[in-house]
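Written below as structure tokens is the structure these notes are about.
Every number here is computed from the coordinates shown, using simple stated rules; none is lab data. Since the model is a prediction, treat every value here as computed from it, not as a measurement. Because the Cβ atoms are built from the backbone with ideal geometry, glycine has one as well, and the counts that use them run over all protein chains shown.
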Ligand code: SF4
Ligand code: SF4
């Protein structure tokens, strides 16, 4: 399973992404488990709304943070997210 | 407990709400206390809502709704709705018995996140025998409906000597049912399972064979199904890190409102477990005697006290130490460094002898009659 650059990315329907006040962190919740996210991972996942491809996510974030060269980091994280079932395509 | 400063108390992450001890099934390995029939009062809907609100404020985010059979509670949907409003991720842990499609939809609308259905075996005959109730076909039907209505589907099978030979069939069944997660829970020997241990504890060879089959299968379904394998600690030489450390992560509330650091803790002496009707969750978590009892490591005896692995397993399970070594402060006898480790070898040997014996004694099923008989 690897990311298809031409397809939009969607956050999983069977996971939940949520801000936790007590931890001051975004987390992913799933059956009997939880993953704590750092700020940049959470920013990426929030853009996985089923309309954007990786190229669009990269350009949105580069614009938002007025920076360049984010592709490799974002791609690496999304590959991990895909393996873990947090996101899917199609 | 002395010397444990409040600054290193971490907030609860998991709230395990045991809504009722009532259950139409009679599993002989049930984790409920043997004397559950004595504790037959149940706190109200409003009490549960208050507990959920207070625990959430402290940081609890995963909510387990279990029992007994949580579906027995008429106010389950209302509790689920309240949990969703508070932002919990709620897990319904059910036998599936009495779960209709209408209820599945109703719970989904109320905001339930996930349903875990337990199946006792891969064949009707054995499932219904172990459950003490005809339930196999209905459970499979429930598994389909759970999936159909968009829940992640988690199948749980408790493994013991009566069904361990079905491992390959159990895995095939989970795949055929489209499970997203499969929990293979080797029996933990507390409560009813402790009473039935000679009949339930598999031999080491059986464990190894079953584990091999499960591991091989895990690779073939990677990416499709996640498998949680709860290890059988009797055949390990280190204990499990019980509850991820006492009073660090888990908060269990029993049906009658008693707050427990682990679901077996009501069997431990002199803990004075508090009740949610008398004190708030934050007082229970931060200040109560029970929750501070085994926090940190000041309570430890040798060999744990000077052991370099104590940060890893916290000396093992307190309930197991109490049940098997007769001392709740002792090193968990599962540990090969424990002077009481021989009791584990004896238990394994005794179970093997029972397995070879011509006429095995019958399983003691979990029901109110047996509960009253055994706790007198
Ligand atoms: S283990 Fe069996 S008897 Fe015990 S609560 Fe669960 S379904 Fe009921
Ligand atoms: S002696 Fe105690 S702390 Fe050390 S490994 Fe055994 S149980 Fe764990």
Please check: in the Gaussian network model of chain B (C-alpha springs, under 10 Å), which one of B:354, B:121, B:176 has the largest mean-square fluctuation. B:176
Most to least packed among B:189-199, B:318-328, B:69-79 [average Cβ atoms within 10 Å]: B:189-199, B:318-328, B:69-79
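Could you grab the relative contact order for chain B? Cα pairs under 8 Å, six or more apart, rounded to a whole percent.
Dividing the mean separation by the residue count of chain B yields 21 percent.
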No solvent, one uniform scatterer per C-alpha: report log10 I(q)/I(0) for segment B:1-86 via the Debye equation at q = 0.15, 0.23, 0.24 1/Å, two decimals. -0.67, -1.12, -1.17
D for the protein assembly as shown, whole µm²/s, Stokes-Einstein with Kirkwood Rh over alpha-carbon pairs at 20 °C and 1.002 mPa s: what number? 90
Ranked by how many other beta carbons lie within 10 Å on average, peptides B:217-224, B:31-38, B:264-271 from highest: B:31-38, B:264-271, B:217-224
P(r) over all Cα-Cα pairs of segment B:67-113, 5 Å bins from 0 to the longest distance, whole percent per bin, short to long, reads 5, 24, 33, 27, 10, 1
Using every alpha carbon pair in chain A, what percent of pairs falls into each 10 Å bin from 0 up to the bin containing the largest distance? 17, 52, 28, 4
Mean-square fluctuation maximum in Gaussian network of chain B, Cα pairs under 10 Å, restricted to B:253, B:281, B:344, hits B:344
In nm, give the distance between the simple-model label positions of residue B:47 and residue B:237, each being 7 Å from the Cα along the Cα-to-Cβ direction. 4.7
For segment A:20-55 and segment B:295-341, what is the separation of their C-alpha centers, rounded to whole Å? 38
What does segment B:22-165 give for Rg and for Dmax, in Å, if only its C-alpha atoms count? 15.7, 46
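Other chains' Cβ within 10 Å of A:17-27 residues: what's the mean?
Per residue, the number of nearby Cβ atoms from other chains is 3 on average.
Considering only DSSP beta bridges with both partners in chain B, what is the antiparallel share in %, to the nearest 5?
Around 10 percent of the beta bridges assigned by DSSP in chain B are antiparallel ones.
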For chain B, what does -39500 (n - 2.57) per DSSP helix run (n ≥ 4), summed and divided by total residues, give at 222 nm, in deg cm²/dmol to the nearest 500? -10500 deg cm²/dmol
Inverse of <1/r> over all distinct C-alpha pairs of segment B:304-359, i.e. the Kirkwood Rh in Å, gives 12.2
How many angstrom lie between the Cα centre of segment B:149-188 and the Cα centre of segment B:1-80? 24
Looking only at Cα atoms, what is the convex hull volume of segment B:10-376 per residue, in Å³? 138
